[in-house]
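What follows is a single structure, written as structure tokens, with notes after it.
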Amino acid sequence: MGKTTLSRKRTTPKEGYSALWKTEEYWAVWLGVAVILLAIILFYQKNTLLTWLVLKVPHYNDFKIAIQYITDHLSALLVLYLFFLCLFGLPIKALKQKMWPFALGFTVLFILSVGITVLGSWEVMRKYNIETPVLALLVGLILGNIVRTPSWMSNALKTDFYVKVGIVLLGASLPITLILQAGFTAFAQATIIAIATFMTIYWTATRFFGLDNRFAATLAAGGSICGVSASIAIGGAVKAEKKQVSIAISLVVMWSIVMIFVLPFAISLLEIAPGPAGAWIGTAALADAPGMAAAAAINEQAIKTFTLMKVVGRDMFIGVWCFIMALFSVTTWEKRYVGSKPDAAEIWIRFPKFVLGFMIASIIVTVLTAFADSSMNKDISTYIISPIVELRNWTFIFTFLSIGLTSRFRELTSIGWKPFAAFTTGILINVPLGYLLSVIVMGSYWMTVR
């Protein structure tokens, strides 16, 4: 018998112009940038709608204070709810998804978020250093594992979408000069971490546990590049089985939840400054949303260094990683396909578009402040940046609550010990190496990021 050959097979999907309005990835960019432009327009019209709209419950010891605050701001709370419902409902309608189940589910999500926001301002929570994002995750995990989430509620638990919109909004509080300055440092650190972690997981999975090359690559991507997105993207690029991708995603979710609690505790125990702490979380976190939760448990500076490390240093190069792995897969694992080759368009197709939104938001606000005097810059901070930051915080609460409500401990324990062991070896390399680079080697630089 001769060698069997198959016809040429594409390794990447096509992406046309319709993707601009038919994918959540692009919608996250449009919505985030639209909110920033709206804030700027309202500012120049001397309209204080956004500052009235966003709520920030004051810290309290007596629940009567919180109840009174909410009662006094019911109108703003209702408008805020309608604002978010319309904001997130627009892509739901455009993507031809079911609007009413989403609206009903989001209503419940918003009510829960208000309750978590109120509870997060309680002095008892501050005493035990339980920040609102972590509280949202805890509440979600408890509810999600005790009560079965109804199908209509699931329509509103769009974890990736909420966090991507939040990250675009985050760009408004980070000057583009800071992003460009941090670019090389973040990329260099992320590259060292990614290569070391990827090779550790891949080598352990194939050499010690005899796992399939494609499965090993998918596991390694999830543990080294950017979590769930990398597992899906690399899994597709190397033609991994659907079940293998699902196992990689489960491991990412499981370890992400662990990191949300372990990293802030370790940072507190080791008394690491917020700047290096955020960068460490950026190298150790497996996914954007859980990593943001861990960073938010520290302070705003940690959020900024986390974002520079995770988004600028790691997420934006997922397309390049996909292309490299697709090339390796075709030339090494898929030789039976005649004429198969990866498409260079893979880099753009797999590139996380919300990173562009993050950069655009930063450029817009940087240009705006560059041509303003000190007095106007103060007003820009008060009436544009501060409201955007508060809106961003709400999107993160939606994100962390959604993570908890969609995480099932029972499902996370059925992944098999070999994939778990291989993935965990990468964690054991990633975390201490990230500490070494973020705190000791480059700690002085991360301290300067404000």
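The values are calculated or read from the model by the stated rules, or taken from the named source; none is laboratory data. The model shown is predicted, which means the values in this text are computed figures rather than measured ones. In this analysis, Cβ positions are derived from the backbone assuming ideal geometry, glycine residues included, and neighbour counts consider all displayed protein chains. The area values use the complete protein model at the heavy-atom level, side chains included, leaving out ligands, DNA and RNA. Shrake-Rupley method; radii C 1.70, N 1.55, O 1.52, S 1.80 Å.
Taking 0.36 nm per residue of sequence separation and removing the Cα-Cα distance, the THR71/TRP21 pair yields an extension gain of 14.1 nm.
Quick check: from the Cα gyration tensor, does the range 73-157 come out rounded (a/c under 1.5), prolate or oblate? The shape class here is oblate.
Using the Cβ-Cβ distance between ILE192 and GLU241 with R0 set to 35 Å, the FRET efficiency works out to roughly 0.70. When all protein chains stay in place and ligands, DNA and RNA are ignored, the 1.4 Å accessible-area order of GLU241, GLU131, largest first, is GLU241, GLU131. Sort the range 98-145 into rounded, prolate or oblate with this rule: let a ≥ b ≥ c be the square roots of the eigenvalues of the Cα gyration tensor; rounded if a/c is under 1.5, and if a/c is not under 1.5, prolate when a/b is larger than b/c, oblate otherwise. Taking the square roots of the gyration eigenvalues as a ≥ b ≥ c, the range 98-145 is prolate. Cα centroid separation, the range 285-312 to the range 189-231: 22 Å.
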